[in-house]
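Notes follow the structure.
The values are calculated or read from the model by the stated rules, or taken from the named source; none is laboratory data. Predicted, not measured: the structure shown is a model, and the values here were computed from it. Virtual Cβ from ideal backbone geometry, glycine too; neighbours counted across all protein chains shown.
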Amino acid sequence: MDNTILIEKSVIILVVFAITMLMAMYMTLAERKIAAWIQDRIGPNRAGKGGILQPLADGLKLFAKEEYAPDTPNKFLFVLGPTISMTIALITSAVLPWGDKLHLFGRDIILQSADINVGLLYIFAVLSVSVYGIMIGGWASNNKYSLMSAMRAASQMISYEIAMGLSIIALLLMTQTLSLREIALQQNGMNWNIFYQPLGFLIFWICSFAETNRNPFDLAECEQELIGGYHTEYSSMRMGFFLFAEYASMFVSSAILSILYLGAYNYPGMDWAVENWGVNIANVIGMLVLFIKICFFIFVYMWVRWTLPRFRYDQLMNLGWKKLIPLALFNILVTAVVILLLK
Amino acid sequence: MSLDTYSFSGRKKQVSNKKLTWLESIYLVAIAKGMWVTLKHMFRKKVTISYPEQTRPFSPVYRGLHMLMRDDEGRERCTACGLCALSCPAEAISMTAAERKPEEKHLYREEKYASIYEINMLRCIFCGLCEEACPKQAIYLTKSKVFAKSNSTRESFIFGKEELVMPLEMAIQNSKQNQA
Ligand code: SF4
Ligand code: SF4
């Protein structure tokens, strides 16, 4: 029994890892394609059919570059920066439920690496650590631009994490649980949280842009003032790790968004599908549905990036502290009152 | 109407520093509008020209690489008068004149000919003034899509007679066509 569960979880972990990596790879291509389309261009189309091998070519190029480190006293920290970024981006996916369960070999397989009862808390803890990758990398670069970018990233993350946490509290008032699996199960059918928490969803969404360091909140790496910010001094695959981590965390945060608000793997008629087509088929469809939701959020990430200019720093802070946090508090209040009245 | 407020393009907008309303200050409406614009662009016709496979369409009055012409008997027409060099605004043409020997009558039409004739393709602006200046109709800008190929030395862009004079086969073909 113990052994089978070990094998089962290992397989799930491996598959999730592989999918995250694959997605991150092809998100780089997707980003370039979407950027091109929005700008009325075609985009990369020379490597493979329609540019399908482009990520491999990019990866190969990064591997072939010289690994250069600046003259810094913090060689160890310099390597640690991208490592942390990458690790954090990957371990978040450990608690995400990718589907309900499959019935294989006479046992129910829960499609989740670890169902811990504080899953949501875990995600927040891990996401807060992710800024250390940028901070340490920026600090160790021994370059004023990198350091400035690190400071920006840190202050931005702190500001937006508060609004994010507050918007989640309203959600928690409703769900009464921190376990992601249970949150997913509660949204059965069309019972999605977005219909009960539209404002919370919006705030959470905006904050996840800031958390993943994406435009319009990519002040940490802005080209014009900070010449790339924290990855100015990085080259070769260390830089690749930073870039890769950004895409991996985009994937994960899209997954979190879909699981928390957009009904995870639930789709209308899932119960009917379970009864008529069996658990397995219903859940495979469920996983695909979750995947489509994730892809939608990823697309919006890119779409926004190629639409909006970057916020000015004071606008960023104003938006975070003076708009989003009061809105999130208001959302909590309304939710609490409504729940009380409905009792 | 003062010039400050007049809009030549019809798109001028007055800059205003009015305070944003609360709805504007959370940017959402403006963002939604902007996203709609970019979404529409995703389905527009692409402007990219996939270069080696596709090329830009040329204008019908396009002026390409020069050619020093031959007459119907295959003789070079240029008499090295230097008018083309004089008319050239880019000073791209230079030449050396030589006197035709009696046994060279089948090679050059006039008694004086250009022994060296060079055009610096880096200077030339393909204006076609040389063509207009020439009294002997000896130099023409062709419609050929052969360009001065990219190269790494400046010298290689100075085209001499080898590159410029019309190939003999072409002259033979032309005269055959004219007779027919
Ligand atoms: S095309 Fe114009 S610039 Fe070029 S050689 Fe003739 S006169 Fe000079
Ligand atoms: S090309 Fe024409 S204008 Fe130029 S030197 Fe020859 S004959 Fe004179």
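From B:Ala90, B:Ala85, B:Ala80, B:Ala97, grab the single residue that is part of a strand (DSSP E or B) and over 27 Å from A:Arg305 (Cβ atoms).
The match here is B:Ala97.
For the subset of the range B:41-67 comprising residues that are within 11 Å of chain A (Cβ to nearest Cβ) and among the hydrophobic types (A, V, I, L, M, F, W, C), which member is surrounded by the most Cβ atoms within 10 Å (Cβ to Cβ)?
So, considering only residues that are within 11 Å of chain A (Cβ to nearest Cβ) and among the hydrophobic types (A, V, I, L, M, F, W, C), the one surrounded by the most Cβ atoms within 10 Å (Cβ to Cβ) is B:Met42.
Considering every residue within the range B:103-125, establish whether at least one is under 25 Å from B:Met170 (Cα atoms), assigned to a loop (DSSP other than H, G, I, E, B), within 16 Å of ligand 1 (Cβ to nearest atom) and touching a residue at least 60 places away in the same chain (Cβ under 8 Å).
Scanning the range B:103-125, I find no residue that is under 25 Å from B:Met170 (Cα atoms), assigned to a loop (DSSP other than H, G, I, E, B), within 16 Å of ligand 1 (Cβ to nearest atom) and touching a residue at least 60 places away in the same chain (Cβ under 8 Å), so the answer is no.
Scan the range B:24-38 for residues that are within 25 Å of A:Glu31 (Cβ to Cβ) and at the interface with chain A (Cβ under 7 Å from one of its Cβ atoms) and report the count.
Of the residues in that region, 4 qualify.
Yes or no: the range A:302-312 includes at least one residue that is within 13 Å of chain B (Cβ to nearest Cβ) and within 18 Å of A:Ile256 (Cα to Cα).
Yes, that holds for at least one residue.
What residue, of A:Phe17, A:Phe76, is assigned to a helix (DSSP H, G or I), away from chain B (no Cβ under 14 Å), more than 22 Å from the chain's Cα centre (by Cα) and at pLDDT 80 or above?
A:Phe76
Residues being within 9 Å of ligand 2 (Cβ to nearest atom), of a type in the set (S, T, N, Q) and within 21 Å of B:Arg70 (Cβ to Cβ): count how many of those fall in the range B:81-140.
1
Across the range A:20-40, what is the total count of residues that are of a type outside the set (A, V, I, L, M), within 14 Å of another protein chain (Cβ to nearest Cβ) and surrounded by 16 or more Cβ atoms within 10 Å (Cβ to Cβ)? If you could, list the steps in order and put the result at the bottom.
Initial filter on the range A:20-40 (of a type outside the set (A, V, I, L, M)): A:20, A:26, A:28, A:31-33, A:37, A:39-40.
Narrowing the set further to residues that are within 14 Å of another protein chain (Cβ to nearest Cβ) leaves A:31-33, A:37, A:39-40.
Restricting the remaining residues to those that are surrounded by 16 or more Cβ atoms within 10 Å (Cβ to Cβ) gives A:31-33, A:37, A:39.
Qualifying residue count, the range A:20-40: 5.
What's the total number of residues in the range B:131-166 that are part of a loop (DSSP other than H, G, I, E, B) and either within 15 Å of ligand 1 (Cβ to nearest atom) or more than 13 Å from B:Met121 (Cα to Cα) (or both)?
14
Could you tell me whether the range A:134-145 includes any residue that is charged (D, E, K, R), crowded, with 18+ Cβ neighbours inside 10 Å and either outside any loop (DSSP other than H, G, I, E, B) or free of Cβ contacts under 8 Å to residues at least 24 places away in the same chain (or both)? Give the derivation first.
We begin by selecting, within the range A:134-145, every residue charged (D, E, K, R); these are A:144.
Next, from what is left, pick out any that are crowded, with 18+ Cβ neighbours inside 10 Å: none.
Scanning the range A:134-145 turns up no residue that is charged (D, E, K, R), crowded, with 18+ Cβ neighbours inside 10 Å and either outside any loop (DSSP other than H, G, I, E, B) or free of Cβ contacts under 8 Å to residues at least 24 places away in the same chain (or both).
For the range A:30-55, which residues satisfy the criterion of being without any contact (Cβ under 8 Å) to a residue 24 or more places away in the chain and assigned to a helix (DSSP H, G or I)?
Across the range A:30-55, the qualifying residues are A:Arg32, A:Lys33, A:Ala36, A:Trp37, A:Lys49, A:Gly50, A:Gly51.
Mind checking whether some residue in the range B:79-92 is closer than 26 Å to B:Gln173 by Cα, within 16 Å of ligand 1 (Cβ to nearest atom) and in contact (Cβ under 8 Å) with a residue 40 or more places away in the chain?
Filtering the range B:79-92 for residues closer than 26 Å to B:Gln173 by Cα gives B:79-80.
Among the residues that remain, those that are also within 16 Å of ligand 1 (Cβ to nearest atom) are: B:80.
Adding the requirement that they be in contact (Cβ under 8 Å) with a residue 40 or more places away in the chain leaves none.
Among the residues of the range B:79-92, not one is closer than 26 Å to B:Gln173 by Cα, within 16 Å of ligand 1 (Cβ to nearest atom) and in contact (Cβ under 8 Å) with a residue 40 or more places away in the chain, which makes the answer no.
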